[in-house]
Amino acid sequence: MELRRAFFGLLSALVVGGVLLAPGIATADGHEDDDFTRPGAFAGLGFKWQVEGFQDEYRAQDFGNSWGFDARGGYRFFDWFAVEGIFEYADDFGANAPRGRGDDLSMISTTGNAKFIVPIERFQPYLSLGMGFLYVNSGEGFVDAVEDENWGFAGRIGGGVDIYLTRHISLYVDNAFTMATEDAENLYFYSLGGGARYNF
């Protein structure tokens, strides 16, 4: 509980700090508003708090939540539209049920996303829709238990906000729900996090 509070406190500070700093930086760097909506590539790295939404047989095992991280990159074609690839890693969803198998689940999701942006100067909310793959491993981790791996198709729906500090540096807050099918079905999860991005 304390870690969760610390996480949400840090995330709130990230948003508030970005909003408060942006006007001062705007005065100092002298950029026009359209500098923050121009076409171009971008790449970012951040952290995630991932909340399990597992279904059916997994629900009975009472899995916990997991920390993780994400890496992302893409290209902005118009002020309102970009495409973005997102890699998300969930470190450890642990089963708590006394009669469960006791396995821990680690997951990697990779999705290609369409990103629809509201280009409000430096503060830019967005909605994203995507699909890709979810890789799931139970037991010993990705290196030691390759035989337990499963792949499944995944869909991702999310939203968030980009906050531009300078023309090249921005912060992002992102939340999303990921759903998987086939071999990884019933392993749904919600993720909330933030990070920093470089805009080329």
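The values are calculated or read from the model by the stated rules, or taken from the named source; none is laboratory data. Predicted model only: the values in this text are computed from it and were never measured. Neighbour counts run over all protein chains shown; Cβ positions are idealised from the backbone, glycine included.
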Picking from D34, D104, the residue that is surrounded by fewer than 12 Cβ atoms within 10 Å (Cβ to Cβ), charged (D, E, K, R) and at pLDDT below 80 would be D34
Picked from the stretch 53-73 (must be modelled with pLDDT of 80 or more and of a type in the set (D, E, K, R)), the residue farthest from M107 (Cα to Cα) is R72
Looking at the stretch 128-178, which of the residues that are touching a Gly at 6+ places or on another chain (Cβ under 6 Å) and either modelled with pLDDT under 90 or of a type in the set (V, I, T) (or both) is surrounded by the most Cβ atoms within 10 Å (Cβ to Cβ)? I163
